[in-house]
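Some notes on the structure that comes next.
The values are calculated or read from the model by the stated rules, or taken from the named source; none is laboratory data. Remember, it's a predicted structure, so these values are computed and weren't measured experimentally. For neighbour counting, all protein chains shown are included, and Cβ atoms are generated from backbone atoms with ideal geometry for every residue, glycine included.
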């Protein structure tokens, strides 16, 4: 089969690889129909996540048709078209029982801090991902959901990560009706976080980024007030002035380690990789939120140390909430929101690319070219 | 407070999830309803591994399901094995892994060449997309790269010719070969 092959920072290609096999009785093999490149993949692509080994296949946002199931799989059968949450979760452990499917204890040998994730380095378990024609899906009875007949597969594939991650970002903000919510980052997750903030009753939603076409998209899609931090002298002071000098009720970091906007952070975190990426979006979130407010973090940072203004967290009495999204927990609600037309995930898809062109798709997305918001790969044709 | 720029009455679904009784907050609030606590759940079947799996020292048993995509190999693999003697809270654990990742890239090129495949690095970096959507940027990068390469070569050549013309070299040459070699 054909699969994406990581060769090092900023280098990927498509190669012939062995077909995946059933390695555990709860495994399934899925023929991929759609697979996204996620903003989180760019952290891998840029070489920022430790233990990203040459030769691995990325891809944690995908849906496809079940080809084969292991002897202990009960809920799926060959021919089912399923969406596959990015978390690999057993459904039985201490953490899965709490709904923390992103923190499963039975899916990641290499680390205890995070559960297994498809195609997301050996720090997240060392599983091959879905940017391939076929993929092995462990715990097939737990994560995958059969796509309803009425649902567009383009919506379904975005339910595997970006939609629940954005929604959970808003949920973790504890937004109350009338709250002012600031979202840092106008990528797909930031867009969905801003859109979801309205569902929790936000009174005002502000999106911060530095790419004009993404801000234009956020203005209409979310719909939100948008500001380009490159055009503002000090974004924290600006946001304070926007909120009667108090600060926002909720700030959401939907950026993570690939942030721009601060030379020192870029040098230490992005270029030298001596900390877990550039933490400037998190700095801005902590410093822009009001005293007693909530900072919600879904941006991906590597596992090494970070220079974070923890003193301000203490002095301002801020609540920090953060996690990988627990997709399975959120799916029923999000499916309903799509059915009711409250969210429209597929509107974010700007590029549909054959697997063979994956290097160009990664570069397009990474370099923010051609108005790219969200690229979708078609590993087995349209 | 500043005046809001978006009329919330026009937002489809505004406040749909605002009812706190309908709050899907996690982790679940009623942990007392959990069936098990600690490492006491009914474990899934243990997956066997036919490749080397590095395991965090913070695990007291191997998770039931494991990824087998890319076992450690070469010198980078040796570094990874050493890194996994340290816990996830140890900065060196992660720095060693990052170092192994960089070395692994060189190993990947050597592996390609060993298999008779010369990697097309510009294509792997998406040069076609850059050419199509950012010609100016590509030309600028190419010019900068060419300039740096030229400058490096010129500096190297200048240093070499300076070394060749350095006084005293002739005296040093006159000393060789040492008498003990004769």
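So here's what we get for this one:
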| read-out | value |
| --- | --- |
| Members of segment B:36-60 that are at pLDDT 95 or above, farther than 16 Å from residue A:24 by Cβ and more than 7 Å from chain A (Cβ to nearest Cβ) | B:52, B:57 |
| Qualifying residue in segment A:15-30 (condition: crowded, with 24+ Cβ neighbours inside 10 Å, more than 14 Å from every other protein chain (Cβ to nearest Cβ), at negative phi and modelled with pLDDT of 95 or more) | yes |
| Hits in segment A:328-356 (condition: surrounded by 18 or more Cβ atoms within 10 Å (Cβ to Cβ), out of contact with any strand residue (DSSP E or B) (no Cβ under 7 Å at 6 or more places or on another chain) and farther than 16 Å from residue A:164 by Cα) | none |
| Residue satisfying all of: in segment B:70-92; within 16 Å of the chain's Cα centre (by Cα) and without any contact (Cβ under 8 Å) to a residue 12 or more places away in the chain; farthest from the other protein chains (Cβ to nearest Cβ) among these | B:92 |
| Condition broken by residue A:60, with the remaining ones in (1) farther than 30 Å from residue B:110 by Cα; (2) more than 10 Å from chain B (Cβ to nearest Cβ); (3) part of a loop (DSSP other than H, G, I, E, B); (4) touching a strand residue (DSSP E or B) at 6+ places or on another chain (Cβ under 7 Å) satisfied | (1) |
| In segment A:120-131, residue surrounded by the most Cβ atoms within 10 Å (Cβ to Cβ) [restricted to those that are at the interface with chain B (Cβ under 8 Å from one of its Cβ atoms) and in a loop (DSSP other than H, G, I, E, B)] | A:125 |
| Residue count for segment A:281-299, restricted to those that are free of Cβ contacts under 8 Å to residues at least 40 places away in the same chain and in contact with a strand residue (DSSP E or B) (Cβ under 9 Å, 6 or more places away or on another chain) | 3 |
| Conditions (1) at pLDDT below 95; (2) assigned to a strand (DSSP E or B): number failed by residue A:136 | (1) |
| Residue, surrounded by the most Cβ atoms within 10 Å (Cβ to Cβ), within segment B:93-128, restricted to residues that are more than 9 Å from chain A (Cβ to nearest Cβ) and more than 20 Å from residue A:271 (Cβ to Cβ) | B:122 |
| Search result, residues across segment B:1-24 that are more than 7 Å from chain A (Cβ to nearest Cβ), part of a loop (DSSP other than H, G, I, E, B) and modelled with pLDDT under 90 | B:3, B:19, B:23 |
| Enumeration of residues in segment A:206-250 that are crowded, with 17+ Cβ neighbours inside 10 Å and facing chain B (nearest Cβ under 10 Å) | A:206, A:222, A:223, A:224, A:225, A:226, A:242, A:243 |
| Those helices (runs of 4 or more DSSP H) lying entirely in segment A:290-382 with at least 3 residues within 13 Å of chain B (Cβ to nearest Cβ) | A:327-339, A:358-366 |
| All positions within segment A:1-30 that are assigned to a loop (DSSP other than H, G, I, E, B) and over 19 Å from residue A:53 (Cβ atoms) | A:1, A:19, A:21, A:22, A:24, A:25, A:26, A:27 |
| Among the candidates A:203, A:116, A:102, residue that is out of contact with any helix residue (DSSP H, G or I) (no Cβ under 7 Å at 6 or more places or on another chain) and within 11 Å of chain B (Cβ to nearest Cβ) | A:102 |
| Filter result (surrounded by fewer than 19 Cβ atoms within 10 Å (Cβ to Cβ) and over 20 Å from the mean Cα position of the chain (by Cα)) within segment A:358-368 | none |
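Each row is one residue, and each column tells you yes or no for (1) in a loop (DSSP other than H, G, I, E, B); (2) in contact with a strand residue (DSSP E or B) (Cβ under 7 Å, 6 or more places away or on another chain); (3) within 9 Å of chain B (Cβ to nearest Cβ); (4) crowded, with 24+ Cβ neighbours inside 10 Å.
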| position | (1), (2), (3), (4) |
| --- | --- |
| A:65 | no, yes, no, no |
| A:73 | yes, yes, no, no |
| A:77 | yes, yes, no, no |
| A:90 | yes, no, yes, yes |
| A:97 | no, no, yes, no |
